[in-house]
Amino acid sequence: MENLKKQRWERAFELSSLGVIFFIGFVSLLYSWIDSAFGVKVNIILLTAAGIAVSFALVYAIYLFDKD
């Protein structure tokens, strides 16, 4: 079977889908962890920023190390 190279839009769709999944997962994980550890209301802006930062870092690492 011949090796088919992915198009750029397919790669972008894969990475953006992973980013959304990571973002949703990390926001819920961070919210439950902060709520149970400290018992305080979580600032939604800081929680969103932390989720975006962690998601971006993971997707960027996948982009760098996945040589397809």
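Since every read-out is calculated from the coordinates, none of them should be taken as a lab result. Source: prediction; values computed, not measured. Don't worry about glycine lacking a Cβ; one is built from the backbone with ideal geometry, like all the others, and counts go over all protein chains shown.
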Extension gain, residue 56 back to residue 35 (0.36 nm per residue minus Cα-Cα distance, nm): 5.2 nm
Folded to 0 to 90 degrees: helix 44-65 orientation relative to the chain principal axis, Cα: 30
Most fluctuating residue given options 54, 20, 42, as computed from a GNM of the chain linking Cα atoms under 10 Å: 42
Relative contact order for the chain, counting Cα pairs under 8 Å that sit 6 or more residues apart, in percent: 40
For the chain, diffusion coefficient by Stokes-Einstein and Kirkwood Rh (Cα), 37 °C, 0.692 mPa s, µm²/s: 240
Most positive-pole-ward Cα, 27, 45, 62, against dipole of the chain from beta carbon charges: 45
Euclidean distance between Cα centres, segment 11-27 to segment 31-46, Å: 22
CD proxy at 222 nm, helix term only [per DSSP H run n ≥ 4: -39500 (n - 2.57); per residue of the chain; nearest 500]: -28000 deg cm²/dmol
Under Karplus coefficients 6.51, -1.76 and 1.60, residue-wise ³J(HN,Hα) of segment 9-15 in Hz, glycine/proline x: 5, 5, 5, 5, 5, 4, 5
